[in-house]
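Here the structure is laid out as structure tokens; the discussion comes afterwards.
The values are calculated or read from the model by the stated rules, or taken from the named source; none is laboratory data. Bear in mind that the values here come from a model prediction, so they are computed numbers and not experimental data. Quick reminder, even Gly has a Cβ in these numbers, built from the backbone with ideal geometry, and neighbours come from all protein chains shown. What goes into the accessible areas is simple: the full protein's heavy atoms, side chains included, and nothing from ligands, DNA or RNA. Shrake-Rupley method; radii C 1.70, N 1.55, O 1.52, S 1.80 Å.
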Amino acid sequence: MASFCFRGIRTNQVFLYPLALFSRKRGAVFCTVQSPQTEIKTQSESLKPQKEAKISSQIETRKRQEQNAHGFEAVIGIETHVQLSTLTKAFCGCPYLYGSQPNTTICPICMGLPGTLPVVNSKVVEFAVKLGLALNCKLSMSSKFDRKQYFYPDLPKGYQISQFDIPIASEGFIDLDLPVEFGGGHRRFGITRVHMEEDAGKLLHSDSGSYSQVDLNRAGVPLLEIVSEPDMRTGLEAAEYASEIQRLVRYLGISNGNMQEGSLRCDVNVSVRPIGQSKFGTKVEIKNMNSFSAMNRAIDYEISRQILLHSEGQSDQIVQETRLWEDGAQKTFTMRKKEGLADYRYFPEPDLPEVVLTEDYVDNIRKSLPELPEAKRRRYENMGLSMQDVLFLANDVNVADFFDSALQNGADVKLAANWIMGDIAAYLKNEKLSINEIKLTPKELAELIASIKDGTISGKIGKEILIELIAKGGTVKSLIKENDLVQIVDPTAIGALIDKVLANNPKQLEQYRGGKTKLQGYFAGQVMKESKGKANPKLLNKILLEKLNADG
């Protein structure tokens with residue numbers, strides 16, 4: 001088990017600050033501070049899969065960057081903050097609901113009022129251990145919390161509860177596969193550390209930029225910060241690393257990983273150096289990337305900017321700073337300079353005990369881990385699926401579970417993959433649904449595949465049944481029976497249908513026998529129409545060809 005000393009005080013949610021410090025809007029309480037800052041507008045995470053034109057453009061951009069590298073290489077590391085899906089915050093009993101009215105899910109502990117004491121949420125520790133194990137890290141069986149001290153209006157206590165010198169997990173790695181359209185390949189990136197901390201509040205900037213309002217709903221929300229080794233060399237590798245982190249936390253069920261909600265936030269450090277040099281160049285931090293494609297483009301732009309400065313003899317213009325990615329301009333801009341390392345004056349959190357893990361506690365969590373994305377990809381690959389199929393199916397845990405369940409119900413591996421990646425994926429995209437929101441079950445997909453494979457129904461009828469199952473549910477057998485959809489496989493019955501079509505189309509028959517053999521497709525279509533799509537296509541074409549040429 002994980003040991004804690006649980007202590008604290010019970011409080012009612014009351015505001016102890018003078019009401020003159022607050023302004024009310026829409027029934028919610030705001031703390032207002034003066035600020036010259038302006039609001040940074042963000043964009044929602046772009047939908048996948050990307051359009052072919054966009055992929056082609058990115059490939060061309062990457063080729064140009066490689067040609068202009070001039071003997072330099074990039075060094076990239078990422079700090080990722082993952083917001084945990086716990087019912088309550090890290091150190092108090094307040095819930096966190098994205099989109100809630102400002103300052104409606106707070107208490108004296110969230111507000112940092114004097115005399116309040118934090119109590120560790122045991123789920124935060126459990127989720128941290130889960131992620132540490134999934135990232136192949138070494139766990140600290142005894143770790144502690146520390147106070148990271150700095151001033152900002154959205155940090156009510158004047159410090160953040162985090163972990164400094166003894167993180168709960170360290171020295172790990174993550175494996176991933178690059179997309180096939182970008183050349184593919186396997187990569188392994190190192191993980192420096194994983195540590196627990198709380199989030200700060202949020203500033204809501206006015207349109208004029210003359211003041212900001214403080215929303216403390218997010219204050220105290222549990223985070224795991226994942227710090228990578230500087231192992232990445234391109235924007236693509238960095239974006240795929242972040243995507244794999246998102247995939248991993250979703251598989252583990254510890255976070256929804258939604259970038260647009262701030263549940264997954266990435267700060268990227270980029271520098272360039274001559275190839276062969278071991279010393280790192282000057283590091284630049286990039287923020288405000290709200291999708292993986294934006295991250296890819298932001299990093300590639302920053303690499304090109306730094307290499308250009310080097311090639312023009314202006315390397316002194318590369319300074320340690322934080323830059324913001326502006327998606328509209330497709331450029332990074334200076335946000336603030338960093339003249340030196342910040343002194344956060346860390347010291348052990350006196351109000352919280354050490355976090356002590358036992359072997360039994362860790363073993364129980366290890367046994368509860370699901371099959372992780374990397375293991376799933378290797379299993380799918382061993383089934384004989386192409387890497388493109390593997391990456392698609394393993395990308396979303398719900399799709400992977402649906403696919404696995406279909407296989408457990410007897411579905412053919414390749415046929416199940418084709419149906420999921422084809423008609424089902426198209427329907428989900430058009431209707432903006434996830435696979436667990438449709439009424440089709442894995443069992444019925446397996447039944448549908450079997451019915452087509454054994455000749456009970458044709459592939460064309462199968463697609464019609466699929467749409468019905470997705471939208472309304474039901475069973476394959478009942479739909480076939482109710483709509484009389486059993487495939488016609490009797491040669492005599494199909495021959496009679498063909499005779500009728502040929503008799504009704506004497507002009508086309510004469511043209512066919514006069515040399516226009518492409519009209520065979522026309523006749524086949526007419527027979528299928530006459531049979532309401534139930535004629536066996538293979539048998540139909542065989543008998544049709546015999547009859548067309550019999551009297552020729």
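Count of region 157-168 residues, restricted to those that are part of a loop (DSSP other than H, G, I, E, B) and open to solvent by 20 Å² or more (accessible area, probe 1.4 Å), is 5.
Looking across region 156-172 at every residue that is farther than 16 Å from Arg345 by Cα and in contact (Cβ under 8 Å) with a residue 40 or more places away in the chain, the one that is farthest from the chain's Cα centre (by Cα) is identified as Pro156.
Selection of region 533-552 for residues being touching a residue at least 40 places away in the same chain (Cβ under 8 Å) and closer than 14 Å to Val501 by Cβ yields Ala535, Leu540, Ile543, Leu544, Lys547, Leu548.
Does Asn256 satisfy the criteria of being assigned by the TED database to the domain that holds Arg323, within 22 Å of Trp325 (Cα to Cα) and in contact (Cβ under 8 Å) with a residue 12 or more places away in the chain? Here the answer is no, as Asn256 does not meet what is asked.
Note on region 359-403: enclosed helices (runs of 4 or more DSSP H) holding 3 or more residues that are of a type in the set (Asp, Glu) are 359-368. Condition check for Leu352 on (1) in the same structural domain as Leu117 (by the TED database); (2) at pLDDT 95 or above; (3) closer than 24 Å to Arg233 by Cα: one failure, at (3). Scanning region 120-140 for residues that are on the phi < 0 side of the Ramachandran plot and assigned to a loop (DSSP other than H, G, I, E, B) gives Val120, Asn121, Leu135, Cys137, Ser140.
Of all residues in region 246-290, those that are of a type in the set (Asp, Glu), assigned to a strand (DSSP E or B) and open to solvent by 20 Å² or more (accessible area, probe 1.4 Å) total 1. Gly462 meets the conditions (1) buried (at least 16 other Cβ atoms within 10 Å of the Cβ); (2) among the small types (Gly, Ala, Ser); (3) not assigned by the TED database to the domain that holds Asp412 in every case but one. The failed one is (3).
Across region 336-358, a minimum of one residue is classified as open to solvent by 70 Å² or more (accessible area, probe 1.4 Å) and among the hydrophobic types (A, V, I, L, M, F, W, C).
Taking Pro108 as the residue in question, decide whether it is open to solvent by less than 40 Å² (accessible area, probe 1.4 Å) and touching a residue at least 60 places away in the same chain (Cβ under 8 Å). So Pro108 passes the test. Yes or no: Leu223 assigned to a strand (DSSP E or B) and assigned by the TED database to the domain that holds Met111? When the stated conditions are applied, Leu223 passes them.
Here's the yes/no breakdown for (1) within 22 Å of the chain's Cα centre (by Cα); (2) among the basic types (Lys, Arg):
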{"residue": "Asn364", "(1), (2)": "no, no"}
{"residue": "Leu369", "(1), (2)": "yes, no"}
{"residue": "Arg378", "(1), (2)": "yes, yes"}
{"residue": "Asp412", "(1), (2)": "no, no"}
{"residue": "Leu415", "(1), (2)": "no, no"}
{"residue": "Ser434", "(1), (2)": "yes, no"}
{"residue": "Thr441", "(1), (2)": "no, no"}
{"residue": "Asp454", "(1), (2)": "no, no"}
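Every residue, every condition in (1) out of contact with any helix residue (DSSP H, G or I) (no Cβ under 9 Å at 6 or more places or on another chain); (2) among the polar types (S, T, N, Q); (3) within 25 Å of Lys337 (Cβ to Cβ), yes or no:
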| position | (1), (2), (3) |
| --- | --- |
| Leu204 | yes, no, no |
| Ala242 | no, no, no |
| Val249 | no, no, no |
| Arg265 | no, no, yes |
| Ile307 | no, no, yes |
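Okay, residues lined up against (1) buried (at least 16 other Cβ atoms within 10 Å of the Cβ); (2) in contact with an Asp or Glu (Cβ under 7 Å, 6 or more places away or on another chain):
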residue	(1), (2)
Ser170	yes, no
Asp175	yes, yes
Val180	no, no
His186	no, yes
Glu198	yes, no
Asp207	no, no
Gln213	yes, no
Val227	yes, yes
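Here Lys532 qualifies as under 48 Å from the mean Cα position of the chain (by Cα), of a type in the set (Lys, Arg) and part of a loop (DSSP other than H, G, I, E, B). Scan (1) over 14 Å from Leu479 (Cβ atoms); (2) open to solvent by 50 Å² or more (accessible area, probe 1.4 Å); (3) touching a Phe, Trp or Tyr at 6+ places or on another chain (Cβ under 9 Å) for the single condition Lys429 breaks and write down its number. Going through the list (1) over 14 Å from Leu479 (Cβ atoms); (2) open to solvent by 50 Å² or more (accessible area, probe 1.4 Å); (3) touching a Phe, Trp or Tyr at 6+ places or on another chain (Cβ under 9 Å), Lys429 breaks only (3).
Would you call Ile303 over 30 Å from Leu133 (Cα atoms), of a type in the set (A, V, I, L, M, F, W, C) and over 27 Å from the mean Cα position of the chain (by Cα)? It is false that Ile303 is over 30 Å from Leu133 (Cα atoms), of a type in the set (A, V, I, L, M, F, W, C) and over 27 Å from the mean Cα position of the chain (by Cα). Restricting attention to region 497-525, the residues that are open to solvent by 60 Å² or more (accessible area, probe 1.4 Å) and in a helix (DSSP H, G or I) total 12. Looking across region 405-446, just one residue is among the acidic types (Asp, Glu), closer than 21 Å to Tyr380 by Cα and in a helix (DSSP H, G or I), and that is Asp423.
Here region 506-529 is the region considered, the condition is being of a type in the set (S, T, N, Q) and modelled with pLDDT under 90, and the residue that is nearest to Lys460 (Cα to Cα) is Gln520.
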